[in-house]
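Worksheet for the structure shown next.
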Amino acid sequence: MADYKVVAATTFGLESVAAREVRDLGFRDVTVENGKVLFQTSEEGICRANLWLRSADRVRVEVGSFKATTFDELFEKTKAIPWSDWLPENAQFPVDGKSVKSTLFSISDCQAIVKKAIVESLKKTYKVTWFEETGPLFRIEIAMLKDQATITIDSSGSGLHRRGYKTLIGLAPLRETMAAALILLSRWKPDTALIDPFCGSGTIPIEAALIGMNIAPGMNRQFACENWPWIPKEIWRQLRAETHDVADFSQELHIIGSDINDEVLKVARRNAEAAFVSDKVHFQTLPMAQLSSKRKYGKIICNPPYGERIGEVGEIDRLYKEMGKVFAQLDTWSYYVLTSHPDFELLFKKLASKKRKLYNGNIRVDLYQYYGPRPPKRAAR
Ligand SMILES: C[S@@+](CC[C@H](N)C(=O)[O-])C[C@H]1O[C@@H](n2cnc3c(N)ncnc32)[C@H](O)[C@@H]1O
C-alpha cells in the first residue's frame, strides 16, 4: 500500500466544507488552499474519497511538483517521474493545463511538453515507439502556479456532481455538489424538517435525503480509477459493499420540495426515483407565498430565481419581498438562501446572521444564512 498526496478540487468558497468532509472520512495531513483540499492517503482512500465526498468537484492524485521556468526544465523534470509506475502501456493520457502568474504562460505549450516527456519516459520502460491509448483513462493536468509545476491525475472521470440520478434537468439546476454543500453548511440533521420552496429539479431535497440516509453520493456511478490496474478490484468490491451496509434505508425523514411549476416537479420526481429516495421526499406544486409548516423547527434551504438566468428583475424584487413576509411567519426556523441579487437583504427586510461568498457555476452568489433558535429538546421538534 503506497502513500499518495491527493487533492480534492472544490468550487471557490466551499473549501472548508470539503475539508470537514475530508477530515470526517479520516484522512491525514489535511490542508486547505484556494479551490482545493489536500490530504495524504492510500489507494483505498482515493476510492473512498471519490465515493463519499459530497461537496468536492473531483479527486486528483499528485504525481510530481517542482519549479520550472523553462520548457527544458519542465520537460526533463516531467520525464524524470517514473511514469510506468502510474500508467499501463495502453493508458489513455490526455493532458490538460492551466498557468497562473508563471514564466511558462503558454498553456498549450506546457501541455504538449508534458505529453512528450511522458511518452519519452514510457518508451524507455515499455520498449515501444508508439502508444495506442486504448486502455484506462488517466487524465493528466499540468498546473503552473508562480513557476511551480504540479502534475496530477484525475481519478474521478466525470465530475463528482454527476451522481447518476439526474437524467433530466430543470430550468436552472443547482449542481449536486453545491446543493450538498448548502445542506452540510446548514448542519441539518435527519431528525429535523427541511423545505426547499423553489426546488426545481429537486437537487436540494434529493441531496438531503442521500445525506439523511447516509447513502454514498457515488454509489450509483463509475469512476476513472476503477479501471486503474494499480488499484486492486477488491478495494472497490469492499467499499461498494460497505456503502450498502452503512446506508440507512429505514431512516424517517421530513423533506419537502415545492415549486410553482408542475413540469419541473415531474423532473424532480423522476430524479428522486433514479436516486432511490422517492419515498423520502415529498414534492408538491405550491407557490412560495403559500408556504407554511406545522412543525415548530426546521430549515429552509433554497436557491430562488436570481433574475440572471430566469425571471424578470421586477418580478424577482417582488418575489424576494414576499419571501421576507412568508419566511418571517416561520420565525423559529433557520433559512439559507442562495442568490446573486445584491439587494437581497434589503428586499427580504432582514439582515442575515452570516453571509458566505460562493460561485454557482460562473455566477458570483451569496449564501444568506438566518439562524433560528435552537430547538430545546429532540422530543419537542
Ligand atoms: C433557480 S431555480 C431552482 C433550481 C433547483 N434548485 C434545482 O436544482 O433544479 C428556481 C425555481 O423557482 C421556481 N419558482 C419561481 N417562482 C416561484 C414561486 N413564486 N413559488 C415557487 N416556486 C417558484 C421556478 O419554477 C424554478 O424551478
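The values are calculated or read from the model by the stated rules, or taken from the named source; none is laboratory data. Given the structure is predicted, the values throughout are model-derived calculations rather than measurements. As a convention, Cβ positions derive from the backbone with ideal geometry for all residues, glycine included, and neighbour counts pool all protein chains shown.
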Filter the stretch 58-78 for residues that are buried (at least 17 other Cβ atoms within 10 Å of the Cβ) and of a type in the set (Val, Ile, Thr); the one that is nearest to the chain's Cα centre (by Cα) is VAL59
LEU291 vs (1) in contact with a Pro (Cβ under 8 Å, 6 or more places away or on another chain); (2) closer than 20 Å to LEU182 by Cα: all pass except (2)
Quiz prompt | LEU210 of a type in the set (A, V, I, L, M, F, W, C), assigned to a helix (DSSP H, G or I) and surrounded by fewer than 21 Cβ atoms within 10 Å (Cβ to Cβ) | solution = no
Exercise for the section: With the condition kept exactly as written, say whether any residue in the stretch 155-172 is more than 15 Å from the ligand (Cβ to nearest atom), within 30 Å of PHE71 (Cβ to Cβ) and among the polar types (S, T, N, Q). Expected result: yes
In the set TYR368, TYR306, the lone residue that is modelled with pLDDT of 95 or more and of a type outside the set (Asp, Glu) is TYR368
Those residues of the stretch 286-303 which are near the ligand (Cβ under 9 Å from one of its atoms), touching a residue at least 40 places away in the same chain (Cβ under 8 Å) and either within 27 Å of ARG374 (Cα to Cα) or buried (at least 22 other Cβ atoms within 10 Å of the Cβ) (or both) amount to MET288, LEU291, CYS302, ASN303
Pairing a residue in the stretch 251-262 that is within 18 Å of PHE276 (Cβ to Cβ) with any residue that is buried (at least 16 other Cβ atoms within 10 Å of the Cβ) and of a type in the set (Phe, Trp, Tyr), where Cβ atoms lie under 6 Å and the two sit 6 or more apart in sequence or on different chains, gives GLY257/PHE283
By residue number, the members of the stretch 244-271 that are more than 12 Å from the ligand (Cβ to nearest atom) and either more than 23 Å from CYS302 (Cβ to Cβ) or in contact with a Ser or Thr (Cβ under 9 Å, 6 or more places away or on another chain) (or both) are HIS244, ASP245, VAL246, ALA247, ASP248, PHE249, SER250, HIS254, ILE256, ARG269, ARG270
Log entry, pairs with first residue in the stretch 1-22 being among the aromatic types (Phe, Trp, Tyr), second being part of a loop (DSSP other than H, G, I, E, B), beta carbons closer than 6 Å, six or more apart or on different chains, reads PHE12/GLY35
Only unsatisfied item for GLY298, checking (1) of a type outside the set (S, T, N, Q); (2) at pLDDT 95 or above; (3) under 15 Å from THR203 (Cβ atoms), is (3)
Per the filter on the stretch 13-38, residues of a type in the set (Asp, Glu) and over 20 Å from PRO217 (Cβ atoms) are ASP29, GLU33
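Determine, yes or no, whether GLY202 is on the phi > 0 side of the Ramachandran plot, outside the structural domain of LEU25 (by TED's automatic domain parsing), within 16 Å of the ligand (Cβ to nearest atom) and touching a residue at least 60 places away in the same chain (Cβ under 8 Å).
yes
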Out of (1) within 8 Å of the ligand (Cβ to nearest atom); (2) over 18 Å from ILE204 (Cβ atoms), the one GLY307 does not meet is (1)
Check on MET219, assigned by TED's automatic domain parsing to the domain that holds VAL119 and away from the ligand (no atom under 14 Å from the Cβ): no
For the stretch 273-285, check the following and say yes or no: at least one residue is crowded, with 22+ Cβ neighbours inside 10 Å, in a strand (DSSP E or B) and more than 12 Å from the ligand (Cβ to nearest atom).
yes
Reported set for the stretch 185-199 where residues are away from the ligand (no atom under 16 Å from the Cβ) and either among the β-branched types (Val, Ile, Thr) or touching a Ser or Thr at 6+ places or on another chain (Cβ under 7 Å) (or both) is THR192, ALA193
Counting only residues that are small (Gly, Ala, Ser) and outside any helix (DSSP H, G or I), the stretch 231-250 contains a total of 2
When ARG54 is run through (1) crowded, with 17+ Cβ neighbours inside 10 Å; (2) of a type in the set (Lys, Arg); (3) touching a strand residue (DSSP E or B) at 6+ places or on another chain (Cβ under 8 Å), the failure sits at (3)
